[in-house]
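A quick write-up on the structure given underneath.
The values are calculated or read from the model by the stated rules, or taken from the named source; none is laboratory data. Because the structure is predicted, anything quoted here is derived from the model rather than measured. We place every Cβ from the backbone using ideal geometry, glycine too, and count neighbours over all the protein chains shown.
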Amino acid sequence: MQRAQLTRALLAASIVYVIGFYFIGAAVKPAYSQLSSFVSEYNATGTPWAGTLTYAGFAATTGLLAGFLIAAAPVIQVSGTSRAGFWLLWSLPFSFLIGAVAPCDAGCPLEGSTSQLLHNALAIPAYFGMGVSVVLLSLAPGLYSYKYRRGFMLLTGLAFPVVFLAMVQPEFSPWRGLLQRSLDIGMAVSLVMATWTLIPENAAAPRR
C-alpha cells in the first residue's frame, strides 16, 4: 500500500470511528444529549459506561489520529508556516487524550475536582492549537489554486476560538454539544481537503 493510501485510510477510519463512538456513546449513556452535552461528558467521572468509553472511545480515537499524523508526516506537501500548522494538528489527538487522562466531572462544569480543573486547563491550548493549525495549514502552497478549500479551512480555523468561547457560556448551554460537533465536522472536512490535496496519489515515504 502506498503511503498516500495508508494515510487516507487512517483518516477515513478515524472519522468513521469517531462517528460510531459519538452515536454509540450517546445511545448507552443515560440522559445524554448530542445537542447539549459536551463530548467529554461521555466518560464523566462516576457515570455509567465511563471506563468503557474512556478506553474504547477516547484512547482508541487518540491512537487512530496519531497513526494518521505519523503516516502523513513524510509525504504531506507543506513548508514554512503550513508545516508548523501540520505539526500543530497534534492538538487534535491531544484533545481526545485529555478525555482519557483527565475525565471531567458529571456535567463538565467550569469548577470541580482536580481532574476537572486539569481537563479545563488543557482544553484551552488544545482548542486554540487546533484552530491555529487549520489556519496555517490552509496557507500551504498546494492549496493556492483551490480557493474554496482554502477558504473553508481558513474559516474553520478562525471559528475554533470563537465557538469554543461561545460553548462555555451559560446562555448557550442548550446548544453547546451542537456547537462542539460543528467544530468536529469542520475539522474532519478540513483534514479530508488537506489530505486529498496536499498528498500526491503515488506518494511514498522517503527511503532512509
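Listed values, structure above:
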{"item": "Any hit, the stretch 181-191, residues being assigned to a helix (DSSP H, G or I), of a type in the set (Val, Ile, Thr) and modelled with pLDDT of 95 or more", "result": "yes"}
{"item": "Ala71 vs. criteria surrounded by 17 or more Cβ atoms within 10 Å (Cβ to Cβ), touching a His at 6+ places or on another chain (Cβ under 6 Å) and modelled with pLDDT of 95 or more", "result": "no"}
{"item": "Filter result for Ala100 (surrounded by fewer than 20 Cβ atoms within 10 Å (Cβ to Cβ) and of a type in the set (Gly, Ala, Ser))", "result": "yes"}
{"item": "Among the residues listed as Ala106, Ala159, the single one being exposed (fewer than 15 other Cβ atoms within 10 Å of the Cβ) and closer than 30 Å to Ala31 by Cβ", "result": "Ala106"}
{"item": "Candidates Ser133, Ser173 - the one that is touching a residue at least 40 places away in the same chain (Cβ under 8 Å), assigned to a helix (DSSP H, G or I) and farther than 25 Å from Tyr32 by Cα", "result": "Ser133"}
